[in-house]
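These notes concern the structure reproduced below.
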Amino acid sequence: MDDKLYTFIGVGIGPFNLGLAALTEDLDDVDRIFFDETPKMNWHPGMLIDGMDLQVSFLADLVTFADPTNRYSFLNYLHDHERLYKFFFYHRLEIPRQEYNDYLQWAAAQINGLYYGHRVVDVIDHQDAPEPHYEVVVEDVESGEQSHYYAKHVVMATGSKPLVLSASDDLPEEDVLHTSQYLEHKDELLKSDHVMVVGSGQSAAEVFNDLLQERKNYSFHLTWFTRSKGIFQLEAASIGQEFFSPKYVDYFHQLDFDKRMNTLETLDPLRNGVDVKTLDHIYHLLYNLSIGETDPQVTIQPLTEVNDIKPKNGKYELACRQWQQEQSFNYETEKVVLATGYKPDIPQWFIDRFDDQVQWENKDKWMYDLTREYRLQFNDDRDHQFYVVTNLDHSHGTAATNLGLSVQRNMEIINDIVGRPVYKAQDHSIFQQFRYE
């Protein structure tokens, strides 16, 4: 038991809450603690493919946009590992994903108050206590022992979980798997006769690119079906990137719900495209593979949705539809990799405890009603707050999952919790304005 009252407790320790921990570690008036059920910091281990880079600059680390002098910056990580000169001659802003994961692990090993291997199983609202607070029940994953902690505020960062076709739920994961499991089952994929990638976006392209590179050592047919209108590059122009700025978040959040949803659709090129380097590399591989080949054993087809998967004679039959031509057909493969995205990971305790206490913008899709400061809107007035830092696209825009804006979000949450500007806002951060001023 821990009877002290923390300023806040963090639920989940991915990059977002890890950055929050880094920025609050040295604040004298903030006492906090964080829990995560995974055994250690490990950022998307199933997709740490060799040669793949982050899609944002190394400046989008845990702390730099708030405090470039903070010891948990990426540049200090390089200095600590005697890699500054190597990085200087590397001449790149984007860093390898594997290095970003190593950086996060380096930071997590030093920041105090982080408890991995501990699952939050309940959060109890003590609204009527003399000093209203939350009671957080934590279970040691290994021993099953439960402990109770108390905090004025809670910051929930439970992230997302794979979104897959319902028909794939009972199928062997070594045969039909989500991209989040890709590296875990890559060896089995390479030994098969036919591998199919389903979905669009960066993850699909990275898996397709990696498998295509393996064709020099293995012989299998490689198929890529995507429902999107085409396989297009991510909008990377500097002026377009300003939509990932605090100023645009301010603008987006004040729109009504329907306008926000429509706006997300128009911003798809900023959200769901593929890095141009990845697309160019895929085409380079395809071109070289086609030399002297009458059949390169590659099928790529956009405009095609996959609606069902069924086992058939030791393989899998997919019910597909070319939606623009309204043409349905079946397609057979041996292995399937689903790059079908993610859905919010809402803990059961949150549903049980807070479902009817908070306000929703779309309850069916788990879209909370949030303030600009990332606080849940409760049905009652309160000064013990519940902050949410994931599942925010509907309320804070296309930048909600962007690593570059996560530090800004943490700055705002910290300032709101302590009631003073601990970290200064960048009021003149971009060149554009989004409304007449």
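Derivation of every value follows stated rules applied to the coordinates shown; laboratory data play no part. Just so you know, these numbers come straight off a predicted model, no measurement behind them. FYI the Cβ positions are ideal-geometry reconstructions off the backbone, even for glycines, and counts take in every protein chain you see.
For this structure, a couple of remarks:
- Dividing the mean sequence gap of close Cα pairs (under 8 Å, 6+ apart) by how many residues the chain holds gives a relative contact order of 21 percent.
- Under 5 Å between amide hydrogens, built in the peptide plane, is the criterion, and for residue 345 it picks out 160, 161 among residues at least 5 positions away or on other chains.
- Segment 110-251: relative contact order in percent, alpha carbon pairs under 8 Å with at least 6 residues between: 13 percent
- Over the chain, DSSP H runs of length four or greater, each weighted -39,500 (n - 2.57), average out per residue to a 222 nm ellipticity of -8000 deg cm²/dmol.
- The lysines whose alpha-carbon is closer than 19 Å to the alpha-carbon of residue 4, local same-chain residues fewer than 8 away aside, are 152.
- Segment 81-149 shape via C-alpha gyration tensor axes, a/c threshold 1.5: prolate
- Dipole magnitude (debye, nearest 20) for segment 1-157, charges at Cβ of Lys, Arg, Asp, Glu: 740 debye
- Cα-projected label distance for residue 360 with residue 383, points at 7 Å along beta-carbon direction, nm: 3.1 nm
- The length gained on full extension between residue 3 and residue 127, counted as 0.36 nm times the residue separation minus their Cα-Cα distance, comes to 42.9 nm.
- Mean-square fluctuations from a GNM of the chain, with a 10 angstrom spring cutoff on Cα atoms, peak among 246, 172, 45 at 172.
- Cα-based reach from residue 191 at 23 Å (exclusive), listing lysines while leaving out same-chain residues under 8 positions away: 216, 310, 312, 315, 335
- Here segment 47-85 is scanned for amide nitrogen atoms under 15 Å from the site 7 Å beyond the Cα of residue 345 along Cα-to-Cβ, giving 47.
- R0 of 35 Å, Cβ-Cβ distance residue 312-residue 57: FRET efficiency to nearest 0.05: 0.15
- Ordering 48, 338 by the number of other Cβ atoms within 10 Å of each residue's own Cβ, fewest first, gives 48, 338.
- Beta bridges per DSSP with both ends in the chain, % antiparallel, nearest 5: 55 percent
- Using 0.36 nm per residue and subtracting the Cα-Cα separation, the extra length available between residue 257 and residue 75 on full extension is 61.6 nm.
- Correct choice for mean projected area of the Cα convex hull in nm² that was computed from the model, options (i) 24.4; (ii) 20.4; (iii) 21.4: (i)
- By the count of neighbouring beta-carbon atoms within 10 Å, fewest first, 7, 226 end up ordered 7, 226.
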